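To start, the structure itself, in structure tokens.
The values are calculated or read from the model by the stated rules, or taken from the named source; none is laboratory data. What you see is a predicted model; the values in this text were computed from it and never measured. Here the Cβ is made from the backbone with ideal geometry for all residues, glycine too, and neighbour counts use every protein chain on show.
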Protein chains: 2
Amino acid sequence: RILRFFYLYIYDWPQPSFMSKTLEELNIGTYDNLHIIEENSTVIEALSYFVKHRVSALPVVDKNKKLVNIYSKFDIIGLVPDKSYRNLNMTINEALIYRKERFEAVAKCYKHELLSICIERIIRAEVHRLVIVDNDEYVIGILSLSDLLDFLILRPTKSKSTEEVS
Amino acid sequence: RILRFFYLYIYDWPQPSFMSKTLEELNIGTYDNLHIIEENSTVIEALSYFVKHRVSALPVVDKNKKLVNIYSKFDIIGLVPDKSYRNLNMTINEALIYRKERFEAVAKCYKHELLSICIERIIRAEVHRLVIVDNDEYVIGILSLSDLLDFLILRPTKSKSTEEVS
Ligand SMILES: Nc1ncnc2c1ncn2[C@@H]1O[C@H](COP(=O)(O)O)[C@@H](O)[C@H]1O
Ligand SMILES: Nc1ncnc2c1ncn2[C@@H]1O[C@H](COP(=O)(O)O)[C@@H](O)[C@H]1O
């Protein structure tokens, strides 16, 4: 039974040892096949990424490829009542003006930050993912809620016997 | 080119005719293979659903199968700093007490409501999906941002020539 499996392995999750390690040490997050969008791309391009690749958000970068924002499915739906949907070939930059909520800096983190810090940041910002950047603000990965749950469930098996997995 | 395809078909999206139709008329949303959780189930069970079925939220029902709440990946991550994660076999009901944000009624809708109303509700509640219930509050479906974007992109082809799709 799958539930029994989970029970066995995450009973003492998350182990303090994980929480005080860095993303890099834990190798947590998505670093390959990132879907990123340039701020001068159009909303239609974002839409095509969302539908084709089933991602829920795209880091937005400037022409130097540095992180400036994030664009999500929710942002596109937010265009509808403003009637600005007539112009889906506007740029991401223009579309971000229609974002209802007060503008806040995109929630991000560095590979050398502790897992505990990243989790706290996610909760405080009430976001579903952090964009992982290097020291020059280049996007190198995504740390999403899914990555965290997968990690917290699956990794403990490594530090215990894996024979019980059936 | 996929972008050209999108451009052709959603240029005047969303067509007013869609917006003033009901979910039922448009057949929009997910109605099959719903993943739902009972309020007395454990957090571990929710976790297993999230990781196994890749859903991001589960409608929570009482023992009469009526909708009472929704439980998301974000809620589980929210348990971590409270140290309540030690007890992942607590029930969903108990776990919901740890929800950081002020409690608000779960965002829901009916099949006979207009698409425009549902979209407005999603934006106002700042949620990623509405739970679709029948008149007795039984859960019958989910209307998520993904469903909306898929619909808004793919459906217009029906009312136009589909020959241009290549
Ligand atoms: N823009 C993106 N490009 C590549 N992978 C992503 C992107 N956004 C999320 N992911 C990954 O897709 C998986 C599901 O993420 P989510 O849909 O946010 O739960 C996770 O492994 C994320 O790290
Ligand atoms: N609890 C659930 N059970 C079944 N389908 C779901 C559930 N939550 C979301 N979906 C569907 O899964 C797809 C992706 O949804 P989302 O991850 O919310 O973008 C959409 O078609 C949703 O309607």
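Would it be correct to say that A:L67 is among the aliphatic types (A, V, I, L, M), away from ligand 2 (no atom under 16 Å from the Cβ), part of a loop (DSSP other than H, G, I, E, B) and modelled with pLDDT of 95 or more? The answer is no for A:L67.
Restricting the range A:135-155 to residues that are free of Cβ contacts under 8 Å to residues at least 60 places away in the same chain and under 15 Å from the mean Cα position of the chain (by Cα) leaves a set whose member that is nearest to ligand 1 (Cβ to nearest atom) is A:S146.
So A:S144 fits all but one of (1) of a type outside the set (V, I, T); (2) modelled with pLDDT under 95; (3) within 16 Å of ligand 2 (Cβ to nearest atom); what number is the exception? Every condition holds for A:S144 apart from (2).
Cβ-Cβ contacts under 7 Å between residues 6 or more apart (or on different chains), taken from a first residue in the range A:45-60 that is among the polar types (S, T, N, Q) to a second residue that is assigned to a helix (DSSP H, G or I), are listed as A:S48/B:I2; A:S48/B:L3; A:S48/B:F6; A:S56/A:K73. Screening B:A46 against (1) modelled with pLDDT under 90; (2) crowded, with 16+ Cβ neighbours inside 10 Å; (3) within 18 Å of the chain's Cα centre (by Cα); (4) of a type in the set (A, V, I, L, M) leaves a single unmet condition, (1).
Looking at the range B:13-57, the helices (runs of 4 or more DSSP H) lying wholly inside it that each contain 2 or more residues that are touching a strand residue (DSSP E or B) at 6+ places or on another chain (Cβ under 9 Å) and either closer than 17 Å to B:L145 by Cβ or of a type in the set (F, W, Y) (or both) sit at B:43-53.
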